[in-house]
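Before any comments, here is the structure.
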Amino acid sequence: MSKLVDRLPMLVELRSENREIVRANANDSVKDRNGSSTNMLALDLRFFAVADYYLKHDVDSFQRQLTEAAELDIGLFLRHAAGEPIDDSLVSMLSYKSLFNALAAKNRDVAKRLALNMGGRDVLEKKYDHPFDYVMGYTLRAFVLNDFAEMERWLPKLFVACEQHKLTDLLGYAQVFQAILEKNTLLANEGFQSIVRGHVRQTKANRIFANTIDEILCIWGIGMANLAAARQLQIAAIPPLLPGDLINPTDIRE
């Protein structure tokens, strides 16, 4: 099978045919009773965010659609808390992936609001979250909220989780978190080099990012770069996965 980037124009054409239906389903209280249609819309927005950036070089569309995707997930948390029958898997710590969307969009306000709604659901988190996802979720949440006690609590666990679960390709994230704590730009950029190397390996067959839109852009890495930039670290671009116009800190939205 060809790489996803080679099939992207065709995929955009095919998925565009159903965009209005996907949004309509998310706005239908019956079809979206458990939140699945909202989740589908968020995934659709993420796909088109990357497609618009790659095919049209539309940075605004990239950021706008990732922001909307993250806001949809905030809505799922609020609906779940209000007692609606939202599927528990949609409010687990797997939501860190949506948190990366908000950070990649340079929308710190949305990132903070999402982070504040995450966590504290131990039973369902233990049920739905892989140990790595559980630890990554709490680590990223702590750094977004700038909670030093929680950063120091969870970051060592992230290093261990990467090693224990044979996810050493993701160790670069832990390294960048460490660099943020230490305010160390050199260590941060070394961490991003590790992130990109690991990301490339994880786009191979049957790995985390294989056959996904993440083959084109390292959205998690872009989010991390914007988080690091917000902590006054100077982060070098690593195109094409970590392009400079998506990690320029000058227009990060509060």
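Could you name the lysines whose alpha carbon sits less than 18 Å from that of Lys112, not counting residues in the same chain fewer than 8 places away?
Lys97
Sorted by accessible area with a 1.4 angstrom probe, largest first, how do Lys183, Lys106, Lys56 fall? Walk me through the numbers before you get to the answer.
Values: Lys183 160, Lys106 5, Lys56 140 Å².
Descending order: Lys183, Lys56, Lys106.
What aspartates and glutamates does Lys166 reach when the alpha-carbon gap must be under 18 Å and sequence neighbours fewer than 8 apart in one chain are set aside?
Reachable aspartates and glutamates: Asp129, Asp133.
Can you compute the charge dipole magnitude of the stretch 77-211 about its Cα centre, using +1 on each Lys and Arg Cβ and -1 on each Asp and Glu Cβ, nothing else charged? Give it in debye, rounded to the nearest 20.
On the way: 18 positive and 15 negative charges, 71 e Å.
Once rounded to the nearest 20, the dipole reads 340 debye.
Near Pro131, within a Cβ-to-Cβ distance under 11 Å, what is the net charge of the other residues, with Lys and Arg +1 and Asp and Glu -1? Present the calculation step by step, with values, prior to reporting the outcome.
Details: positive: Lys126, Lys157; negative: Glu125, Asp129, Asp133.
Neighbour charge sum, excluding Pro131 itself: -1.
Magnitude of the Cβ-charge dipole of the stretch 1-98, K/R +1 and D/E -1, about the Cα centre, nearest 20 debye? Walk me through the numbers on the way to the answer.
On the way: 12 positive and 16 negative charges, 39 e Å.
Roughly 180 debye for the stretch 1-98.
Please work out the average accessible area per residue across the stretch 39-83, using the 1.4 Å probe convention, and give it in Å². Working shown, then result.
Values: 1820 Å² over 45 residues.
With all protein chains present, the stretch 39-83 gives 40 Å² per residue.
Over the stretch 156-221, with the other protein chains present, what is the accessible area per residue in square angstrom, probe 1.4 angstrom? Don't skip to the answer; put the middle values down first.
Working: 3060 Å² over 66 residues.
So the stretch 156-221 comes to 46 Å² accessible per residue, rounded to a whole number.
In what order, largest first, do Thr139, Thr168 sit by accessible area if the probe radius is 1.4 Å?
Numbers: Thr139 0, Thr168 70 Å².
Largest accessible area first, the list is Thr168, Thr139.
Between the alpha-carbon centers of the stretch 7-52 and the stretch 92-106, tell me the distance in whole angstrom.
18
Ignoring ligands and nucleic acids, what accessible area does Phe148 show with a 1.4 Å probe (Å², nearest 10)?
Spelled out: Phe148, probe radius 1.4 Å, area about 120 Å².
Let me know the shape class of the stretch 151-254, please: from the alpha-carbon gyration tensor, a ≥ b ≥ c as square roots of the eigenvalues, rounded when a/c is under 1.5, otherwise prolate if a/b is greater than b/c, or oblate. Don't skip to the answer; put the middle values down first.
Working: a/c = 2.05, a/b = 1.12, b/c = 1.83.
It is oblate, given that a/c is not under 1.5 and a/b is not larger than b/c.
Taking the Cα centre of the chain as origin, work out the dipole magnitude from +1 charges on Lys and Arg Cβ and -1 charges on Asp and Glu Cβ, in debye rounded to 20.
For this selection, approximately 360 debye.
Testing the spin-label approximation: label points 7 Å from Cα along Cα→Cβ at Arg33 and Lys127. State their distance in nm.
Calculated label separation equals 1.8 nm.
Toward the positive end of the charge dipole of the stretch 76-182, about the Cα centre and with charges on Cβ (Lys, Arg +1; Asp, Glu -1), which of His130, Ala105, Ala179 goes farthest?
The listed residue farthest towards the positive side: Ala105.
Using a 1.4 angstrom probe and counting only protein chains, how large is the accessible area of Glu71 in Å², to 10?
Probe radius 1.4 Å; accessible area of Glu71 about 80 Å².
With a cut-off of 8 Å between alpha carbons and a minimum separation of six or more residues, what is the relative contact order of the chain in percent? If you can, show how the numbers build up before the last one.
Working: 360 pairs, mean separation 43.0, N = 254.
Reported relative contact order: 17 percent.
Name the shape class, rounded, prolate or oblate, that the alpha-carbon gyration tensor gives for the stretch 1-55, where a ≥ b ≥ c are the square roots of its eigenvalues, rounded holds for a/c under 1.5, and otherwise prolate holds if a/b is larger than b/c and oblate otherwise. Intermediate values should be presented prior to the final figure.
Numbers: a/c = 2.64, a/b = 2.52, b/c = 1.05.
Here the stretch 1-55 falls in the prolate category.
Using +1 at the C-beta of Lys and Arg and -1 at the C-beta of Asp and Glu, which of Ile222, Ala188, Ser61 has the Cα lying farthest in the positive direction of the dipole of the chain?
It is Ala188, whose Cα lies furthest towards the positive end.
With unit charges on the beta carbon (Lys/Arg positive, Asp/Glu negative), name the residue among Asn39, Pro9, Leu76 whose Cα is farthest towards the positive pole of the charge dipole of the stretch 1-112.
Pro9
At a probe size of 1.4 Å, how large is the accessible area of Val50, to the nearest 10 Å²?
For Val50, the solvent-accessible surface is approximately 0 Å².
If you roll a 1.4 Å probe over the stretch 111-254 with all protein chains in place, what percent of the accessible area is carbon or sulfur? List each step's numbers first, then the result.
On the way: 3440 of 6590 Å².
Carbon and sulfur together cover 52 percent of it.
Pairs to check: Lys126/Lys204; Lys157/Lys183; Lys127/Lys204; Lys106/Lys183. Give those whose C-alpha atoms are more than 22 Å from each other in this structure. Display every interim value, and only then the final one.
Details: Lys126/Lys204 28 Å; Lys157/Lys183 20 Å; Lys127/Lys204 28 Å; Lys106/Lys183 20 Å.
Where the Cα-Cα span goes over 22 Å, the pairs concerned are Lys126/Lys204; Lys127/Lys204.
The values are calculated or read from the model by the stated rules, or taken from the named source; none is laboratory data. A quick note: this is a predicted structure, and the numbers were derived from the prediction, not measured. Neighbour counts run over all protein chains shown; Cβ positions are idealised from the backbone, glycine included. Just so you know, the surface numbers come from the protein's heavy atoms only, side chains and all, with ligands and any DNA or RNA stripped out. Shrake-Rupley method; radii C 1.70, N 1.55, O 1.52, S 1.80 Å.
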